[in-house]
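Worksheet for the structure shown next.
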Amino acid sequence: MSMDFKRKLPIPQEVKEQYPLSPEIVEVKKQRDAEIRKIFTGEDDKFVLIIGPCSADREDAVLDYTCRLATLQEKVKDKIFIIPRIYTNKPRTTGDGYKGMVHQPDPEKQPDLYEGILAIRRLHTRAIEESGLVCADEMLYPENYRYLSDLLSYVAIGARSVEDQQHRLTSSGIDAPVGMKNPTSGDISVMLNSITAAQHSHSFIFRGWDVTTSGNPLAHAILRGYVNKHGQPQPNYHYEDLNLLYDMYQEKGLKNMALIIDTNHSNSGKKYLEQIRIAKEVLHSCRHNSHIRALVKGFMIESYIEDGCQKIGEGVYGKSITDPCLGWEKTERLVFDIADLL
């Protein structure tokens, strides 16, 4: 056979019943979700920072980092709303490499999907419980979303997934902001079509069920740069890019016009230190154009405890094993600078 069916995994409801949320976590999430909604509808002008490691690789370091963010949140809470980025599955362009905690709870051991499901639920639960913050993850596999649907307060759709029908339709049934990245080709119309699809109701097959969704009015854009026909990274965070997106958003007549700028990936050419300059340039554009300021709701920043990245097995605590990230000292300084510039 071309597929070896090793074992049947538990359905999401079974995992949720086995690892339920405490009333305290449910209440924290309810309150912070309401705050997030007001930011994306324009009722609150706080700036969102979706910030954290490129990929969540080990529970202890990710929780340490998240609790540091909670302390930082208190210092900037009048201007900034922090959403820890806890990405537990990692898209791989060629299919090789670390695919995230859902595949390998321990990056140095063989994949274990059952243990991975339990590990990511435990990690997201502990993050809320210990930090009081609510978190973001990428929906790489739509069929896996339900394992975390009661925990996530922000969902991202990656550049390689944004054209996929199942991602678009599943997003229409998510009761949280869903950010749609522009595709790697850079075609903004593809991203806007994805937002349109996510904002509408649909009927489709999901996990063996006939489901109907109500549409997600908080689906929105993420600009992350793109690659040209020569495979070279190109940015799309400049003033002209933001102005163009505003006009295209207007033409589409979409609900709750909103944009998150991804300061890494092709916008930085994966030169992680450039994230600092990029964030400040976007804020400069916001100060000079009220339409852009209303459109831009925040940044997505790749950050961890230590600067840069390492190979699996090197064992540096709090250092990315995928794309390079800003270390904690630079992160803290950048968050304070953003608050000062708002």
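Here is how the numbers come out for the structure above:
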quantity	calculated
Qualifying residue in the range 167-186 (condition: outside any loop (DSSP other than H, G, I, E, B) and either more than 21 Å from Met257 (Cα to Cα) or of a type in the set (Phe, Trp, Tyr) (or both))	no
Cβ pairs under 6 Å, 6+ apart, first in the range 131-145 and touching a residue at least 40 places away in the same chain (Cβ under 8 Å) and assigned to a helix (DSSP H, G or I), second surrounded by fewer than 21 Cβ atoms within 10 Å (Cβ to Cβ) and of a type in the set (A, V, I, L, M, F, W, C)	Ser131/Cys67; Ser131/Ala70
Ile128, sole failed condition from (1) in a loop (DSSP other than H, G, I, E, B); (2) at pLDDT 95 or above	(1)
Qualifying residue in the range 256-267 (condition: part of a loop (DSSP other than H, G, I, E, B), of a type in the set (S, T, N, Q) and out of contact with any Ser or Thr (no Cβ under 8 Å at 6 or more places or on another chain))	yes
First in the range 157-172 and acidic (Asp, Glu), second anywhere and at pLDDT 95 or above and surrounded by fewer than 20 Cβ atoms within 10 Å (Cβ to Cβ), Cβ under 7 Å, 6 or more apart	Glu163/Val190
Of residues in the range 191-208 being hydrophobic (A, V, I, L, M, F, W, C) and buried (at least 16 other Cβ atoms within 10 Å of the Cβ), the one farthest from Tyr141 (Cα to Cα)	Leu192
Some residue of the range 40-63 being polar (S, T, N, Q) and within 14 Å of Gly132 (Cα to Cα)	no
Every residue from the range 44-91 that is in contact with a Phe, Trp or Tyr (Cβ under 9 Å, 6 or more places away or on another chain), hydrophobic (A, V, I, L, M, F, W, C) and either farther than 21 Å from Gln104 by Cα or surrounded by fewer than 17 Cβ atoms within 10 Å (Cβ to Cβ) (or both)	Phe47, Val48, Leu49, Ile50, Ile51, Leu72, Val76, Ile80, Phe81, Ile83
Selection status of Asp33, among the acidic types (Asp, Glu), modelled with pLDDT of 95 or more and in a loop (DSSP other than H, G, I, E, B)	no
Residue selected from the range 26-43 under the condition in contact with a strand residue (DSSP E or B) (Cβ under 9 Å, 6 or more places away or on another chain) and acidic (Asp, Glu), by the criterion surrounded by the most Cβ atoms within 10 Å (Cβ to Cβ)	Asp33
Residue check, Ser290 exposed (fewer than 15 other Cβ atoms within 10 Å of the Cβ), of a type outside the set (Asp, Glu) and closer than 20 Å to Asp45 by Cβ	yes
Answer residue from the range 92-118, given it is of a type in the set (Val, Ile, Thr) and under 20 Å from the mean Cα position of the chain (by Cα) and is surrounded by the fewest Cβ atoms within 10 Å (Cβ to Cβ) among those	Thr93
Qualifying positions in the range 8-25 - in a helix (DSSP H, G or I) and either free of Cβ contacts under 8 Å to residues at least 24 places away in the same chain or loosely packed, with under 13 Cβ neighbours inside 10 Å (or both)	Gln13, Glu14, Glu17, Gln18, Pro23, Glu24
Selection within the range 59-90 - among the charged types (D, E, K, R) and at pLDDT 95 or above	Glu59, Asp60, Asp64, Arg68, Glu74, Lys75, Lys77, Asp78, Lys79, Arg85
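The values are calculated or read from the model by the stated rules, or taken from the named source; none is laboratory data. Here the structure is a predicted model, which is why all the values come from computation and not from measurement. Methodologically, a virtual Cβ is constructed for each residue, glycine included, from the backbone with ideal geometry; neighbour enumeration extends over all protein chains shown.
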